[in-house]
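Here's the structure, in structure tokens; my notes come after.
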Amino acid sequence: MNPLVEQIHAVLPQTQCTKCGYDGCLPYATAISEGEEINRCPPGGDEGISALAKILNRSPLPLNTEDCGEHVPLQLAIIEERHCIGCTLCIQACPVDAIIGANKFMHTIVAELCTGCELCVAPCPVDCIEMIPANRQWTEQDANKAWHNYQHREKRLQQQKEAESARLATAAERTLSKNSLDLQTTTPEVKDTKQQAIAAALAKARARRQAVTPTTE
């Protein structure tokens, strides 16, 4: 990681909420190092903006609430389990693997892993997820844990993607080999059948001509 990006990234809260308009804290840190404004992180609030301003020797700015939303105290997502249908959409949306469950089984949010990012709320088709006050402060330890969990999830998803690509490639290769083998084994028979059909058609045509052509004496 670029040293400046690393400094900026260390200041960001690692909630991975994407409210800044980027796909996570690292992309935002990279953008800041390239000139992006430092006031697009609602979870970091004014304190985070001041820390970024100090690192970059820039003037602090008020939080961009119009584009990124208001700063709110740390929240925690909870699932109203009696309404959960086990669709797994919230699991897929969670950037830090803070939700456990399986298809058609009730899901549960692990409170100590939840970053309060709210990304699980919108995908829920039955609106059974709500945000409640966490009643505690987000700490540097929380940020480090969230970054570790985020990296672990990204690595797992990449491995799954590569495994699926390899599976599809193998399946395609097997299908191609099978089709090639089928073509090799069936082509001579098909060719013989066509030749026989042509020969039979020619024979019939000759027979008809002979039948209608008058004989000369």
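The values are calculated or read from the model by the stated rules, or taken from the named source; none is laboratory data. Everything numeric here is computed off the predicted structure, so don't read it as measured data. Here the Cβ positions follow ideal geometry from the backbone for every residue, glycine too, while neighbour counts run over all protein chains shown. All accessible areas refer to the heavy atoms of the entire protein, side chains included, with ligands and DNA or RNA removed. Shrake-Rupley method; radii C 1.70, N 1.55, O 1.52, S 1.80 Å.
Going by the structure shown, is Cys20 crowded, with 20+ Cβ neighbours inside 10 Å and either out of contact with any strand residue (DSSP E or B) (no Cβ under 8 Å at 6 or more places or on another chain) or at pLDDT 95 or above (or both)? Write out each step before concluding.
On the way: crowded, with 20+ Cβ neighbours inside 10 Å: yes; either out of contact with any strand residue (DSSP E or B) (no Cβ under 8 Å at 6 or more places or on another chain) or at pLDDT 95 or above (or both): yes.
Considered against the rule, which asks whether it is crowded, with 20+ Cβ neighbours inside 10 Å and either out of contact with any strand residue (DSSP E or B) (no Cβ under 8 Å at 6 or more places or on another chain) or at pLDDT 95 or above (or both), Cys20 comes out as yes.
Here's a check for you: in the stretch 63-74, which residue that is free of Cβ contacts under 8 Å to residues at least 60 places away in the same chain and open to solvent by less than 90 Å² (accessible area, probe 1.4 Å) is farthest from the chain's Cα centre (by Cα)?
As a first pass, look at the stretch 63-74 and keep what is free of Cβ contacts under 8 Å to residues at least 60 places away in the same chain: 63-72.
If we keep only those that are open to solvent by less than 90 Å² (accessible area, probe 1.4 Å) as well, we get 63-65, 68-69, 72.
Details: Leu63: 29, Asn64: 28, Thr65: 28, Cys68: 22, Gly69: 24, Val72: 28 Å.
The selected residue is Leu63.
Take the conditions over 28 Å from the mean Cα position of the chain (by Cα), at pLDDT 95 or above and not β-branched (Val, Ile, Thr) and apply them to Pro188. Does it pass? Break it down stepwise before answering.
Numbers: over 28 Å from the mean Cα position of the chain (by Cα): yes; at pLDDT 95 or above: no; not β-branched (Val, Ile, Thr): yes.
It is false that Pro188 is over 28 Å from the mean Cα position of the chain (by Cα), at pLDDT 95 or above and not β-branched (Val, Ile, Thr).
Just a yes or no: is a residue in the stretch 75-94 out of contact with any Ser or Thr (no Cβ under 9 Å at 6 or more places or on another chain), open to solvent by less than 70 Å² (accessible area, probe 1.4 Å) and more than 19 Å from Ala122 (Cα to Cα)?
no
If you take the residues of the stretch 95-129 that are touching a His at 6+ places or on another chain (Cβ under 9 Å) and of a type in the set (D, E, K, R), which of them is least open to solvent (accessible area, probe 1.4 Å)?
Within the stretch 95-129, the match that is least open to solvent (accessible area, probe 1.4 Å) is Asp97.
Only residues that are acidic (Asp, Glu) and within 23 Å of Lys155 (Cα to Cα): list them for the stretch 66-103, please.
Taking the stretch 66-103 as the starting set, the residues that turn out to be acidic (Asp, Glu) are 66-67, 70, 80-81, 97.
The one that is acidic (Asp, Glu) and within 23 Å of Lys155 (Cα to Cα): Asp97.
State whether one or more residues within the stretch 37-47 are without any contact (Cβ under 8 Å) to a residue 24 or more places away in the chain, aliphatic (A, V, I, L, M) and either open to solvent by less than 30 Å² (accessible area, probe 1.4 Å) or under 16 Å from Val121 (Cβ atoms) (or both).
The first filter runs over the stretch 37-47 and keeps only residues without any contact (Cβ under 8 Å) to a residue 24 or more places away in the chain, leaving 38, 47.
Then drop every residue that is not aliphatic (A, V, I, L, M), which leaves 38.
Among the residues that remain, those that are also either open to solvent by less than 30 Å² (accessible area, probe 1.4 Å) or under 16 Å from Val121 (Cβ atoms) (or both) are: 38.
Yes, because at least one residue in the stretch 37-47 is without any contact (Cβ under 8 Å) to a residue 24 or more places away in the chain, aliphatic (A, V, I, L, M) and either open to solvent by less than 30 Å² (accessible area, probe 1.4 Å) or under 16 Å from Val121 (Cβ atoms) (or both).
Looking at Ala10, Ala29, can you tell me which residue is open to solvent by 70 Å² or more (accessible area, probe 1.4 Å), among the hydrophobic types (A, V, I, L, M, F, W, C), over 14 Å from Thr115 (Cβ atoms) and not in a loop (DSSP other than H, G, I, E, B)? Working first, answer last.
Values: Ala29 fails: open to solvent by 70 Å² or more (accessible area, probe 1.4 Å).
Testing whether each residue is open to solvent by 70 Å² or more (accessible area, probe 1.4 Å), among the hydrophobic types (A, V, I, L, M, F, W, C), over 14 Å from Thr115 (Cβ atoms) and not in a loop (DSSP other than H, G, I, E, B) leaves just Ala10.
Considering only residues that are in contact (Cβ under 8 Å) with a residue 24 or more places away in the chain and open to solvent by 30 Å² or more (accessible area, probe 1.4 Å), which ones fall in the stretch 48-62?
Kept after step one, since they are in contact (Cβ under 8 Å) with a residue 24 or more places away in the chain, are these residues of the stretch 48-62: 48, 51-52, 55-56, 61.
Once the filter is applied, which keeps residues that are in contact (Cβ under 8 Å) with a residue 24 or more places away in the chain and open to solvent by 30 Å² or more (accessible area, probe 1.4 Å), the stretch 48-62 yields Ala51, Ile55, Leu56, Leu61.
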